[in-house]
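K.L.:
Have a look at the structure that comes next, please.
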2 protein chains.
Amino acid sequence: MPKVITSFSNPLVKRVQALRDKRHRREEGMFLAEGLRILTEARETGRIPRILFFADASAKHPLVRALIDAVEADYGEAIETTPDILSKLSGKDNPQAVVGVFDTFETLLEDLDRSAAPIWLVAERLRDPGNLGTILRTGDAVGAGALILIDECVDPFSVEAVRASMGALFTVPIVRVIWPEFLTWLRQGPGQLVGLSLQTENGYRDAPYAAPTFLLTGNEAQGLPEDYEAECDLLVKMPMLGKADSLNAAVATAVMAYEVLARHR
Amino acid sequence: MPKVITSFSNPLVKRVQALRDKRHRREEGMFLAEGLRILTEARETGRIPRILFFADASAKHPLVRALIDAVEADYGEAIETTPDILSKLSGKDNPQAVVGVFDTFETLLEDLDRSAAPIWLVAERLRDPGNLGTILRTGDAVGAGALILIDECVDPFSVEAVRASMGALFTVPIVRVIWPEFLTWLRQGPGQLVGLSLQTENGYRDAPYAAPTFLLTGNEAQGLPEDYEAECDLLVKMPMLGKADSLNAAVATAVMAYEVLARHR
């Protein structure tokens, strides 16, 4: 039977709300995801929240019901609460019907099977959680083997990243490593490292892509460091016809990923 | 000579800060843009702020100097202020060196010359200011003739949209119209209306694009209404290999825009 919480001062509400903060996520090893669509995606991939908050009014919805059942079967806690508390937990004015608290998870480089996918996404010092989530979502769409986060990136478990991923956080494996570790692993097997760059004459539409292709995206403001570019097997550029000299990082990654996907098919 | 403002309670500071709110932007016909890169972009396209706030420490930077000179030559006000006040104006913890207050502007359908560009971006009920700004930025990169906003879209002059556009707000014309007006105008001359859809078997890589191509992007949550799809000359779909059935709206627009660009070149 679901518990009921209606008080803002309930200690569990405060503790869960604190997960919007990176330090608390790290200390607790847990993170927040909200919304029926994302939580259902999670459930279908076998990730069940430890704690599920749902609004009274939504309890009859079959997908909410399925979540409650899954949480209780998994010895988690399903908690009925008010729209106001859901709003407080998610930090949004129009709260979603459900908020889940999940254990964080991580994939290791050695767990990856590079023959499993023709495209892999690699991002370096990504700063914007919306970009990270959007890149995960694109990764899901193009069937990327994983998103490999290099050096100091924004936390993929931040509320904004989870929200922008639209559930792809649960379907695309995420690896966090430093550059030398990644390079060592990459060079132990087949894999073409492709970087987007302004320092090349190779157009991205004509370049020779070879699977598995590892698409490397640089920091939003600075792009790739020169010595990282130097390690790439191929640098390509995209046409920039306007006044600006760069695209949004998630956009550039997606245009490249769809190009590589089309060429590999 | 620049004026100096150091007090949070200065009425001008309060009035400018209020421009972060849509209602005030509409009432005043003005909006905020921040950052040296974006304001320099604006200056180079001939858009000079009515009021420029700059931090004392930055006044010696040649690009800040150029902005101050341009504002004063244009009978605007250049105001030296503190980092704290800049932070308050922009709503960011790490304030940019400059914040500008600009008159809003708009392009009308009848001002567009459809022979001027092979690609035009059209977005319907766009809700997210980050997506709008990112689509503008992509529009700049692919040389789009304009961004045409259909029906009730988010305000392109919101702080988040301006920020995400990275200056493209000043380089890509923006038109705001309702659907029937747009359709009437479109059908008065050449123009292929292309919609991204799940209801078609046409792959986007093989579809026959004809310039000028008008790329229509639907609402983030709902996509295009059926009757809008029915007006399209061509519906195309993109491969979705994962669990999700859609991409981020700005990402989908960019992948399509780069495809059309490549095919027209």
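K.L.:
Looking at the range B:7-61, which of its residues are among the small types (Gly, Ala, Ser) and over 27 Å from A:Lys243 (Cα atoms)? Full working, then the answer.
P.N.:
Filtering the range B:7-61 for residues among the small types (Gly, Ala, Ser) gives B:7, B:9, B:18, B:29, B:33, B:35, B:42, B:46, B:55, B:57-59.
Across the range B:7-61, the qualifying residues are B:Ser7, B:Ser9, B:Ala18, B:Ala57.
K.L.:
Shifting gears a bit: Being open to solvent by 20 Å² or more (accessible area, probe 1.4 Å) and either farther than 13 Å from B:Arg127 by Cβ or modelled with pLDDT under 95 (or both) is the filter here; which residues of the range B:140-156 pass it?
P.N.:
Passing the criteria: only B:Gly143.
K.L.:
Residues of the range A:217-233 being within 14 Å of another protein chain (Cβ to nearest Cβ) and among the small types (Gly, Ala, Ser), which ones?
P.N.:
Scanning the range A:217-233 gives A:Ala221, A:Gly223.
K.L.:
Here are B:Val260, B:Val255, B:Val236: which of them is within 14 Å of chain A (Cβ to nearest Cβ) and within 22 Å of A:Leu132 (Cβ to Cβ)?
P.N.:
Going through B:Val260, B:Val255, B:Val236 in turn, the sole match is B:Val255.
K.L.:
Also, I was wondering about something else. Please go through (1) touching a Ser or Thr at 6+ places or on another chain (Cβ under 9 Å); (2) loosely packed, with under 15 Cβ neighbours inside 10 Å; (3) in contact (Cβ under 8 Å) with a residue 12 or more places away in the chain for A:Met30 and return the number of the only condition it doesn't satisfy.
P.N.:
Among (1) touching a Ser or Thr at 6+ places or on another chain (Cβ under 9 Å); (2) loosely packed, with under 15 Cβ neighbours inside 10 Å; (3) in contact (Cβ under 8 Å) with a residue 12 or more places away in the chain, A:Met30 violates only (2).
K.L.:
Scan the range B:187-207 and tell me whether some residue there is more than 30 Å from B:Met30 (Cβ to Cβ), in contact (Cβ under 8 Å) with a residue 12 or more places away in the chain, basic (Lys, Arg) and surrounded by fewer than 21 Cβ atoms within 10 Å (Cβ to Cβ).
P.N.:
Looking for residues that are more than 30 Å from B:Met30 (Cβ to Cβ), in contact (Cβ under 8 Å) with a residue 12 or more places away in the chain, basic (Lys, Arg) and surrounded by fewer than 21 Cβ atoms within 10 Å (Cβ to Cβ), one finds at least one in the range B:187-207, hence yes.
K.L.:
Is it the case that the range B:24-43 has a residue that's aliphatic (A, V, I, L, M), more than 24 Å from the chain's Cα centre (by Cα) and not assigned by TED's automatic domain parsing to the domain that holds B:Phe170? Break it down stepwise before answering.
P.N.:
Kept after step one, since they are aliphatic (A, V, I, L, M), are these residues of the range B:24-43: B:30, B:32-33, B:36, B:38-39, B:42.
Of the ones still in play, those that are also more than 24 Å from the chain's Cα centre (by Cα) are none.
No.
K.L.:
On to the next question. Give me a count of the residues in the range B:134-156 that are more than 14 Å from chain A (Cβ to nearest Cβ) and in contact with a strand residue (DSSP E or B) (Cβ under 7 Å, 6 or more places away or on another chain).
P.N.:
Just the residues of the range B:134-156 that are more than 14 Å from chain A (Cβ to nearest Cβ), to begin with: B:148-156.
Applying the additional criterion that residues be in contact with a strand residue (DSSP E or B) (Cβ under 7 Å, 6 or more places away or on another chain) yields B:148-151, B:153, B:156.
Count: 6.
K.L.:
Within the range A:208-233, which residues are open to solvent by 20 Å² or more (accessible area, probe 1.4 Å), under 18 Å from A:Gly145 (Cβ atoms) and aromatic (Phe, Trp, Tyr)?
P.N.:
The answer is A:Tyr209, and nothing else.
K.L.:
When you check A:Thr184 against the structure, is it within 12 Å of the chain's Cα centre (by Cα), open to solvent by 20 Å² or more (accessible area, probe 1.4 Å) and either assigned by TED's automatic domain parsing to the domain that holds A:Val99 or polar (S, T, N, Q) (or both), yes or no? Before you say what the answer is, go through the steps one by one.
P.N.:
On the way: within 12 Å of the chain's Cα centre (by Cα): no; open to solvent by 20 Å² or more (accessible area, probe 1.4 Å): yes; either assigned by TED's automatic domain parsing to the domain that holds A:Val99 or polar (S, T, N, Q) (or both): yes.
The answer is no for A:Thr184.
K.L.:
Next question. For the range A:97-114, how many residues meet the condition of being surrounded by fewer than 22 Cβ atoms within 10 Å (Cβ to Cβ) and either of a type outside the set (Asp, Glu) or in contact with a Pro (Cβ under 7 Å, 6 or more places away or on another chain) (or both)?
P.N.:
Number satisfying all stated conditions: 8.
K.L.:
Among what's in the range A:157-178 and is within 19 Å of A:Tyr228 (Cβ to Cβ) and open to solvent by 20 Å² or more (accessible area, probe 1.4 Å), pick the residue that is farthest from the other protein chains (Cβ to nearest Cβ).
P.N.:
Here the answer is A:Ile178.
K.L.:
Can you name the residue in the range B:64-96 that is under 16 Å from B:Pro2 (Cα atoms) and polar (S, T, N, Q) and, of all such residues, is most open to solvent (accessible area, probe 1.4 Å)?
P.N.:
Only one residue fits best here, namely B:Thr82.
K.L.:
Taking the residues in the range A:239-252 that are in contact with a Ser or Thr (Cβ under 9 Å, 6 or more places away or on another chain) and either free of Cβ contacts under 8 Å to residues at least 60 places away in the same chain or open to solvent by 60 Å² or more (accessible area, probe 1.4 Å) (or both) as candidates, determine which candidate is farthest from the other protein chains (Cβ to nearest Cβ). Outline the logic, then answer.
P.N.:
Filtering the range A:239-252 down to residues in contact with a Ser or Thr (Cβ under 9 Å, 6 or more places away or on another chain) leaves A:240, A:242-244, A:247-252.
Imposing the further condition that a residue be either free of Cβ contacts under 8 Å to residues at least 60 places away in the same chain or open to solvent by 60 Å² or more (accessible area, probe 1.4 Å) (or both) reduces the set to A:240, A:242-244, A:247, A:251-252.
Details: A:Met240: 5, A:Gly242: 3, A:Lys243: 5, A:Ala244: 5, A:Leu247: 6, A:Val251: 4, A:Ala252: 8 Å.
Per the stated criteria, the residue is A:Ala252.
K.L.:
For the structure I just gave you, tell me whether A:Arg205 is at pLDDT below 95 and under 30 Å from B:Ser246 (Cβ atoms). Reasoning before the result, please.
P.N.:
Values: at pLDDT below 95: no; under 30 Å from B:Ser246 (Cβ atoms): yes.
Answer is no for this residue.
K.L.:
Can you spot a residue in the range B:211-230 that is in a loop (DSSP other than H, G, I, E, B), free of Cβ contacts under 8 Å to residues at least 60 places away in the same chain and touching a strand residue (DSSP E or B) at 6+ places or on another chain (Cβ under 7 Å)?
P.N.:
no
K.L.:
Out of the range A:43-63, which residues are closer than 19 Å to A:Thr81 by Cβ and open to solvent by less than 60 Å² (accessible area, probe 1.4 Å)?
P.N.:
A:Ile48, A:Pro49, A:Ile51, A:Leu52, A:Phe53, A:Phe54, A:Ala55, A:Ser58, A:Ala59, listed by residue number.
The values are calculated or read from the model by the stated rules, or taken from the named source; none is laboratory data. Since this is a predicted model, take the numbers as computed values, not measurements. All Cβ positions, even for glycine, are placed from backbone atoms using ideal geometry, and neighbour counts span all protein chains on display. Side chains included, ligands, DNA and RNA excluded: accessible areas come from the protein's heavy atoms. Shrake-Rupley method; radii C 1.70, N 1.55, O 1.52, S 1.80 Å.
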